[in-house]
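Down below is the structure, laid out as structure tokens.
The values are calculated or read from the model by the stated rules, or taken from the named source; none is laboratory data. What you see is a predicted model; the values in this text were computed from it and never measured. So basically every Cβ, Gly included, is an ideal-geometry build from the backbone, and we count neighbours across all protein chains shown.
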């Protein structure tokens, strides 16, 4: 069974989708703790509502990465909560070597575009502004690059002529809430096989 830590920085809707999938019995996992780098992040309230340890950590003096003393405290926290897998869900910081090495092959992220297109911040807005007719979301392993890890799962949406950025993002988020628990369940069942950058899922 996956013993999850979920990391976030904001509202945590993908975290809620994972919580709901576990409650529904479609995801065989246990959330051991939920961590946020923003003390006001609503993801921490979601944790409290479901009696899951809610942990805030201060990343100062770094503005865009989890490193140094904060990283060491996070690693200690994960060990204390018996975490064996990490799901990044709207976590807006770059993960550095200490956490990457400790959880190599055991950390995934969801990104609001069809990677490798539109990596980095605001992937959904990038796709909308570029004028593509299809976009989607990607669940991928985390590596040292920015949204460069091996791809596990993708869902596609169309961008229709009448779509606004808001309506497109609503469609995209709905697919994220399917794709993330689905990918975690595949991993929990041992169906995800990885050879370098190539990922296969046994059906």
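For the reader, a short list of remarks on this structure follows.
- Near pairs, Cβ below 7 angstrom, 6+ apart or cross-chain, from the stretch 41-69 (closer than 15 Å to residue 94 by Cα) to any residue that is part of a strand (DSSP E or B): 57/35; 59/66; 64/94; 65/94; 66/95
- Looking across the stretch 159-203 at every residue that is touching a residue at least 60 places away in the same chain (Cβ under 8 Å) and over 17 Å from the mean Cα position of the chain (by Cα), the one that is nearest to residue 6 (Cα to Cα) is identified as 189.
- Restricting 58, 82 to residues that are more than 23 Å from residue 110 (Cβ to Cβ) and either touching a strand residue (DSSP E or B) at 6+ places or on another chain (Cβ under 9 Å) or buried (at least 19 other Cβ atoms within 10 Å of the Cβ) (or both) narrows the list to 82.
- Taking the stretch 113-122 as the range and being buried (at least 22 other Cβ atoms within 10 Å of the Cβ) and under 16 Å from the mean Cα position of the chain (by Cα) as the test, only 113 passes.
- Lone qualifier among 149, 131, 190 - being surrounded by fewer than 17 Cβ atoms within 10 Å (Cβ to Cβ) and modelled with pLDDT under 95: 190
- Of all residue pairs spaced 6 or more apart or on separate chains, those with beta-carbon atoms under 9 Å, a first member in the stretch 75-99 that is without any contact (Cβ under 8 Å) to a residue 12 or more places away in the chain and a second member that is crowded, with 20+ Cβ neighbours inside 10 Å and part of a strand (DSSP E or B) are 80/33.
- Close pairs from the stretch 117-141: first closer than 19 Å to residue 182 by Cβ, partner assigned to a loop (DSSP other than H, G, I, E, B) and modelled with pLDDT under 95, Cβ under 6 Å, at least 6 apart: 140/149; 141/149; 141/150
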